[in-house]
Amino acid sequence: MIFALDIVILIFLIVAALIALNVKDLLSASMIFGIYGFLICLLWAEMGAVDVAFTEAAVGAGISAVLFIATVYNTRRRSSD
Amino acid sequence: MDSETFFIGVGLAILFLMVPAIWRMTVGPTALDRIVAVNVVGTKTAVLLVVIGQIFGQVGMFVDFALAYALLNFTGSLAAARYLHKTKAGGGHVINFEESGSENK
Amino acid sequence: MENSVTSFLPVLACLASLLAVPLILIFRKEPFLREASTFLAGFAKFGFVLAMLPVILSGKVIEYTFVEGIAGISVPIKFRVDGLGMTFALVASSLWIVTSLYAIGYMRGLKEHSQTRFFSFFALSLSATLGVAFSGNLLTLYLFYELLSLSTWPLVTHHQDKEARGGGRTYLSHLLGTSVAFGIPAIIYTYVKSGGDLSFAGDAMLAGSDMSYLQGVVLLLAFAFGFSKAGLMPFHSWLPGAMVAPTPVSALLHAVAVVKVGVFCVIRVITGVFGTGLLEKLGANLVLCWIAAFTVVTSSLIAMSQDNLKRRLAFSTIGQLSYIVLGVALLAPYAVQGSMMHIAMHAFGKITLFFCAGAIFVATGKKYISQLDGLGKVMPWTMGAFAIGALSVTGLPPTGGLLSKIYMIRGAADAQQFALLAVYLVSSVLNGVYFFPIIYRAFFKSQPTGELSVGVKEAPFACVLPLTLTAIGSVLLFFFPGLLFDLTSLMLPGK
Amino acid sequence: MITKVLATLAVVITGAILLYGTADFPAFGDPNSPASAGVEGGAPSISQYYITKSYDDTKVPNLVTSVLADYRGYDTMFETVVVFAAGMAIFAILRVFREDDDGVPNATHSNGNSFTDGDHSRIIVGTTVRIVVPVIQLFSLYVVAHGHHSPGGGFQGGVILGASFIILALATDLETALSRFSEKSYFALAAIGILIYAGFGVLCQVLGSDFLDYGVLQKIFLTDGPEMARSHSMLGVEVGVAFTVTGIMFAIYANLSSRGTLKSGL
Amino acid sequence: MGDQLPAIIVLAPMFGAMFVGLFGNRDHRVCFPIVFASLLISLCASIAAAQQVFTSGEVIDYFMAGWEEPIGIGIHLRIDSLNALILVLISVVVVLVSFFSIRRAGDQHTEKTPQFYILYLLLCVGLLGISITGDAFNLFVLVEVSSLTSYGLVAMGSSRRGTHAALNYLLMGTVGASFYLLGVGYLYLKTGTLNMQDIHAILQANGEIAESNAVSIAFLLILVGIWIKMAFFPLHGWLPNAYSYCPSTSACLLAPLMTKVSVYVMVRVMIGVFGVEWVFVNLGWSHLVVWLAVIAILAGSMLALAQREIKKMLCYLIVAEVGYMVGGAWLSDPDHWGLTGSLYHILADAMMTLCLFLAAGVFAKRLGAIEIKDLEGLFKKMPLTSVAFVIAALGMIGVPPTAGFYSKFYLIRGAIEGGHWEYVAALLISSLVNAVLFFRIFEIAFFGNKPAEGHGHDDHHEEETPNLEAPWSALFPLLASAAIIILLGLFNGPIVDLLRESLEHLPSIVTTQAD
Amino acid sequence: MIVTVISVILILAGLIFFLGAAVGVIRFPDFYTRMHAAGKGDTLSSLLVLLGFAVYQLRDFESFSESWLILLVILKLIAISAFILITSPTSTHALMDAGWEDKVKPEIAKDRSNHLGEDCPKRK
């Protein structure tokens, strides 16, 4: 585990998570979720778990962002809470 | 300084260069600015993966992975573009929740 | 273990009426065949009970196990017929024949609705009664006790009108409520305390266990109030409530079957669960005596104030039941035997009274005592039987009630409980006080002229015959108590 | 407002409990922690066993794939079943059958090359996608096949294959994607995937050993020892997983983006 | 073939699901035969396995993929006396409900019948897998399978409330599953293995691991996770809406099984993984949990009293029954009668809930009766269904011949020996409330069809009301489950004897409060 | 030795271009300019960094026959950079187009009117 990178990525992760929760516009929320997925994949890669990172990359980058956007497309864009 | 610390340095540099993207993500007035941040982070991650591979010494393993990343990275922005294209300035395809509810009763 | 004979007879006796239910359902279109099948079942049941009599009289016990129990884990479901069980079974099955005859007359007379349902549940409740009589352990007793309360609920609420709904609600809430709230913990506590033995065979379950006075009293009261069919004071109000039912139901069930089951269970608890020895050592029985005494006195006082004939009889039943509970709680051998005999005596007496009340209602539609002036001349048979029944219940010479009362009084004297002896005497007087005005009013008062006297005649034959039979029965019990005496004495030495 | 406060409170308490629990965790990755070195009370440490013996048990250099597909193959089968169940559940919830809809989406629009027609803005994206998607699909097959040596395997390959169809749907529209990969085919593919996986298991049972015990398949693969048979059957199992995941990923996208009508989607 | 039983039990429904996936879409009529065949196979297999366990007395161990030497590397299925009966119970309930589902295929959502049956079979796979597995992580995977399929089954209905309820169910279920996963993760970090037997051995062998905080927090996490899955009182929010607004076939499938299997998992984790004396003596939470169970029982019963809809009422009764089982398991009485009572209650309550929900489903379908007051004249209109309904209701009240009485018998016995008098009081109060609940319904059902004027009117033979009796496909499971309730009651001796085989060798807990 | 020097130079160049892109993302006034900076800057700098790594792999390359594996890695690295070269501009284009459709107004100095309007009137 590369300690230096780890700290920075963790900070970015927390920031991304908090922002994703607080942002009102759901499209940006799903985009921030995409960033969150990228950072998680980086975190696992630098912790040495390559297989898991690969899955997270494929699912996070490939599909979950798209599915979120498809859901926002079919429902409202402004989050209610 | 030997190659390992150099690459950690490169990694850290790339990460610090991500800070503006994260800042753009937090501040970004419109959704589109946040999509810019996604793009920036996306491409940088591919490079970072190769850097991490180099730090660990087996670039061969991480290269597959980075290639997959490079290929899938643009789906996010493609989907966002498609969404914005379809909903044209918020008018176009706005589904109000009640009407759609009745249709599949 | 005294010698026990395993035979299928008790099961046959218990199931005889149960088998009648499908017959009744099949013949629901032809009333005659339906009534015939009820009769058939009645005779069959009485026949099976009689067949068991010689074996029991010779001192042996009949046992039959439905479901094996595993030691320490589960309790078997088992029949065990002994003297007490036999007396109660004899009383119940014989009176059922008479009551079904009476019910046919009553139902035909008043053209009641949904009679098939009535007769099938009637037969069902009888088999539950016999189940309680023959049960070999506390669990089987509880099982049939619950089945009885459930199968009598449709009978009580037969008229399906507003009062029936209210009556049914009080009926069930009391019986089911107390049996669940007090019955289940009491049984399980006994199971835990006696180390897994709930059967009535051999010496009492808790005989060996070390019980403090407080535990003893609490458990005894839990059982007494758990089996609230015995009508002890705080939980007695279901009995007047159940008077809403048609008369044959209140006759057989609320004079003989249901209430006697309650008392039967209390006797089983005192003799089988605690054992007279342990109770004497603890002195826990005095609490129960005083509760029973209190019930006797107050119910007799309330009975005096009741104008509705059936409600008066109901409160008198509550009083009589507490006689039996008081007798057993005295623990003296004579008192216990007297109370067992009183089950039979009171049954015959009280059923006659209920039959007369029903007959009067069928013939004249009158329910209230104030309307009974001069009825004796018009309905001589009914009122004559009523007089005999009243004598038997108050315990005067020509009828059997006297014998059991004497035994109970003698028992009270043996146990040096002179205060309770006084209660016996006073309550006998009170019985007289609330019965004789009715007889006086019927025979010595002249009939009021005007609307009432025209067209009034004796009740239909199907009603009059049963009540005369039971009246004769209670007189016979006075002259030939031998059978009853032997059966109840069987129970004494062992305890 | 009160629910927000309560919610944060609950989250904070749970977080505190979890952190309190981590107080006496072994350090990250230290060699003699219970996970890697085992504890004297129980059986010998499983991590040591995997590290030392997994290659000569299954002839698969990638240790993760060997644990995933062989030692704990039963778990992975049920993971695939979870994915399959997710697809079925989404179909059950979202799929809507209009009265007039004949169920089979017919590609009604013009027969021109669907990549570039429509308004001209699709040209650039269309051409890029036409170049990239085949490469992605080829690459995903490589990932599935290469699970033994480099990181990857059935699940990742399947996801990438599914993603390629989604990119196709994004670039053009849902109809063309569905015309290439219709509803009937992606559900059949998903079911076949799990049947392959479970089929391998039952095959082992038929040949006399336990469920999913690939060693006994040497009679079929005619390999000299059970190890190579294990390696081949793991590849087969990975292919099964890839089928299911591809089918279900595209099923979820198709149903989700078109609100179950499989007509006009994102 | 005999030693392959554990695998067959779990895999028969899975293959059924896949074949339905392949062939079902073409022609819906082919679905039910496949479903029924696969469930029948798994039923026979589980009966055979149970029979084998009880005759030979030893445990069936099945090592998946043949990995046996060091215990932890492969996945290890176990059938011992604890879960043999649970397996049989699940397959019996599942076969009965499959009969009930024939009618369902006829009406709404006919296009989705294959998908319904696939979710149905995969739920069976999940439940059977949960009760058979001996590996902690595999348990999580199977919890995932069963929860996902149950979310699908709940959300299938067309009513908007159903989908909303499914969303709540999904959110709480996922939280529960992740708590369980966190707990297993903590355990793995402290013990280094995932196999239940192995963890148990490790915790027994070295005390300082057992004493450590991480292990007790792991137990807390696993417990809370399972309590959410089980709808234990404070965490029961999802159950009433989920089971009352979903299609009645799913309700009949989920209500009897999901919560009961979670109770079994809790008992398995307490006995098999952490060990009885660790849980009761070392942790000492038993008083707290019994008090929680008492609250659950009382709250469940009171809320059930307040409901007007039948299914909602039954759901709150489930919450109360879960309170019984959790309270029973945690009584920590000297020779484990509480545990026996709660295990037996799993069997009894599953059958009673099945019978009640089948009846509620039939009432909703035939009479359109959602509220209690719509059940007017039930006894006359649907005599056979109401017989089954009455038997199940008596079971809930605790009338002797039914299994409900005997489970209360063992639970109260355990409570008395364990000195938990508040638990006895709670049980009795809840039985009384059940009595009021069900007799309120009987009153409406019995009185409804006769005008309430005085007695003695003229017609004396019953007029014929239209017989709305349920179709045989609903009647058979109803009457079968009612019969099983009584049989379970009558033969509780042998059943409890079997259940106690695995509890016998547990060390008896001599705790302070045993009087 | 020469190989590491070349790769370090390439990597540093890449980092500098990344820096340029990063500054662009922060400083530029509106969406289009930021997108323009991010798109172009990242693509080129990733290219450079990846090529730097590809060159770095050559440091222990003996002959064509034994260390073909390293060549494979280099080929993959080049493939990655090729695909980034293709996909990144497309996604930038798609987003720009979506932004324009979405009527996002570019920042134009007060006095200058929207000259784009005049240049291509037909494409409204």
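Descriptive notes on the structure:
- Proxy reagent accessibility, fewest Cβ within 10 Å first, across A:Arg76, C:Arg410, C:Arg268: A:Arg76, C:Arg410, C:Arg268
- Choice from D:Thr223, D:Thr80, D:Thr65 showing the highest fluctuation, given a GNM over chain D with Cα pairs closer than 10 Å: D:Thr223
- Taking 0.36 nm per residue of sequence separation and removing the Cα-Cα distance, the C:Lys377/C:Ala207 pair yields an extension gain of 55.4 nm.
- Computed lengthening from E:Leu288 to E:Leu40, 0.36 nm per intervening residue step minus Cα-Cα distance: 85.0 nm
- Across the range B:57-66, computed HN-Hα scalar couplings (Karplus, 6.51 cos²θ - 1.76 cosθ + 1.60, θ = phi - 60°) run x, 10, 5, x, 5, 7, 5, 3, 4, 5 Hz from first to last residue, x flagging Gly and Pro.
- In terms of surrounding Cβ atoms within a 10 Å radius of their Cβ, C:His346, E:His76, F:His93, F:His36 rank from fewest to most as F:His36, F:His93, E:His76, C:His346.
- Relative to the longest principal axis of the Cα atoms of chain E, the long axis of helix E:472-490 lies at roughly 60 degrees.
- Hz values of 3J(HN,Hα) by residue in the range E:183-193 - Karplus curve (6.51, -1.76, 1.60), Gly and Pro given as x: x, 5, x, 4, 4, 4, 5, 8, 10, x, 9
- Short-range pairs are left out: with C-alpha atoms under 8 Å and at least six residues apart, the relative contact order of chain C is 15 percent.
- Most mobile of A:Ile19, A:Ile40, A:Ile11 in a GNM of chain A (Cα contacts under 10 Å): A:Ile11
- R0 of 22 Å, Cβ-Cβ distance C:Leu476-C:Leu57: FRET efficiency to nearest 0.05: 0.75
- Long-range HN-HN contacts of C:Thr65 with modeled amide H, under 5 Å: C:Phe79
- Candidates D:Ser150, D:Ser164, D:Ser66, ranked by Gaussian network fluctuation over chain D, Cα under 10 Å, top entry: D:Ser150
- Projected label distance in nm at E:Lys373 and E:Leu506, using a 7 Å step from Cα toward the beta-carbon: 4.7
- Length gained when the stretch C:Tyr368-C:Ala71 is fully extended (0.36 nm per residue, less Cα-Cα span): 101.3 nm
- Put in line by how crowded their Cβ is, counting other Cβ atoms within 10 Å and starting with the fewest, C:Ser114, C:Ser120 read C:Ser114, C:Ser120.
- Among beta bridges from DSSP that stay inside the protein assembly as shown, the antiparallel ones total about 85%.
- If R0 is 35 Å, the Cβ-Cβ spacing of B:Ser3 and D:His149 corresponds to a FRET efficiency of close to 0.85.
- The helix-only estimate of mean residue ellipticity at 222 nm for the protein assembly as shown, built from DSSP H runs of length n ≥ 4 each weighted as -39500 (n - 2.57), is -24000 deg cm²/dmol after division by the residue total.
- Cβ-defined net charge surrounding B:Val40, 9 Å radius [Lys, Arg +1; Asp, Glu -1]: +1
- Cβ-placed point charges (K, R +1; D, E -1), dipole of the protein assembly as shown about Cα centre in debye, nearest 20: 5340
- Averaged over F:23-30, number of beta-carbon atoms from partner chains that fall within 10 Å: 3
- Using the Cβ-Cβ distance between C:Ser114 and E:Val387 with R0 = 25 Å, the FRET efficiency computed as 1/(1 + (r/R0)^6) comes to roughly 0.90.
- Spacing of the two label points (7 Å from each Cα toward its C-beta) at C:Val426 and E:Ser56, in nm: 7.6
- GluC sites (Glu not before Pro) restricted to DSSP loop in the range E:361-436 with at most 10 other C-beta within 10 Å: none
- Between 0 and 90 degrees, the angle of helix C:258-268 with respect to the longest Cα principal axis of chain C falls at about 20 degrees.
- Residues with amide H under 5 Å from that of D:Thr261, placed H, sequence gap 5 or more: D:Val96
- Residue-count net charge about E:Ala415 - beta-carbon cut-off 11 Å; Lys, Arg +1, Asp, Glu -1: -1
- Nearest-ten-degree value, helix E:403-418 long axis tilted from longest Cα axis of chain E: 40
- Model label sites at E:Gln204 and D:Gln48, defined 7 Å from Cα along the beta-carbon direction, differ in position by 2.2 nm.
None of the figures in this text is laboratory data; all of them are computed from the coordinates on show. On a predicted model such as this, the values are computed, not experimentally measured, just so you know. Note: ideal-geometry Cβ built from the backbone for every residue, glycine included; neighbour counts use all protein chains shown.
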